[in-house]
Amino acid sequence: MSYGADEPAVFRQSALYVTKILQGGNPSNTPVEQPTRFELTINLRTAKALGITVPESFLLRADQVIE
């Protein structure tokens, strides 16, 4: 199981930050931005191998389920 920031969204956000700096913006005046989208991934194959039962309600909330 993994819960973390949506990587493509973080890369896009970083690119916008770099663009602001390359266009003459001062890095010290540019606010720090936090990720706003997170993803939950559950690996059912590994959970079953470890004897872990994942509740159905939890699986429904996951962004990605690996079977």
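The values are calculated or read from the model by the stated rules, or taken from the named source; none is laboratory data. Since we're looking at a predicted model, the values are computed, not measured. In this analysis, Cβ positions are derived from the backbone assuming ideal geometry, glycine residues included, and neighbour counts consider all displayed protein chains. Quick note on the areas: whole protein, heavy atoms, side chains included, nothing else; ligands and nucleic acids left out. Shrake-Rupley method; radii C 1.70, N 1.55, O 1.52, S 1.80 Å.
Taking the range 34-53 as the range and being touching a residue at least 40 places away in the same chain (Cβ under 8 Å) and in a helix (DSSP H, G or I) as the test, only Ala47 passes. Restricted to the range 1-33, and to residues there that are in a loop (DSSP other than H, G, I, E, B) and of a type in the set (A, V, I, L, M, F, W, C), the residue that is most open to solvent (accessible area, probe 1.4 Å) is Met1.
Across the range 1-33, the qualifying residues are those that are in contact (Cβ under 8 Å) with a residue 24 or more places away in the chain and hydrophobic (A, V, I, L, M, F, W, C), and the one among them that is nearest to Gln64 (Cα to Cα) is Met1.
Whether any residue in the range 54-67 is under 15 Å from Ala5 (Cα atoms) and in contact (Cβ under 8 Å) with a residue 40 or more places away in the chain is what I want to check. No, the conditions are met nowhere in the range 54-67.
Of all the residues in the range 34-57, those that are open to solvent by less than 80 Å² (accessible area, probe 1.4 Å) and in contact with a helix residue (DSSP H, G or I) (Cβ under 6 Å, 6 or more places away or on another chain) number 2.
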